[in-house]
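See below for the structure under consideration.
Bear in mind these aren't lab numbers, they're just calculated from the coordinates by the rules spelled out. Treat the numbers as computed from the prediction; the structure is a model and nothing was measured. With ideal geometry, Cβ positions are generated from the backbone for all residues, glycine too; neighbour counts draw on all protein chains shown.
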Amino acid sequence: MKSLKKYLLLAFTACVLFMVSACGGSKPGDVAVEFTQAMIDGNADKCFSYLYLDEMEAAQKDFAKGKINVMVKGTSEQIKARGGVKSVKLVDVTDDKTDEKRKSARVELTLNDGESKVDSFNLIKDKKGEWKILL
């Protein structure tokens, strides 16, 4: 009986943790880093999922998706040609002084050939409360 209670408690805890992590919303710095990693991996669909599209019409979304596909493919190929990535790290996240639903994040990408680059991202909280990259 005690083992059943332990099992049920463990299962309940796992469910709660899953729900909290799934519904907890994104963090702006995490979104910027994950977008960068998806770009490195050549995953255009994942990159597209991080974009703020709430105010775009269907034709604009299709156009943006085409541009993202080209950009991701080119970037991924360039990174591979230079020996790949050594590290991706969040540098900082800055609040927008006029709008609490906007932030800026900077991500440092260091390649295996020694070159480092810092990219800046403007982020906005969408209608679902998730942080997205603003084009």
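Per-structure values
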item: Estimated translational D of the range 28-133 in µm²/s (Stokes, Kirkwood radius over Cα pairs; 25 °C; 0.890 mPa s); result: 170
item: Flagged links, alpha-carbon separation over 25 Å, of K61/K86; K73/K103; K89/K127; K61/K127; K27/K117; K80/K101; result: K61/K86; K73/K103; K89/K127; K80/K101
item: Summed residue charge, Cβ within 13 Å of V88's Cβ, Lys/Arg positive, Asp/Glu negative; result: -1
item: Cβ crowding within 10 Å averaged over residues, with 83-93, 100-110 ranked highest first; result: 100-110, 83-93
item: All aspartates and glutamates inside 12 Å of K46 as judged from Cα atoms, apart from same-chain residues fewer than 8 positions distant; result: E34
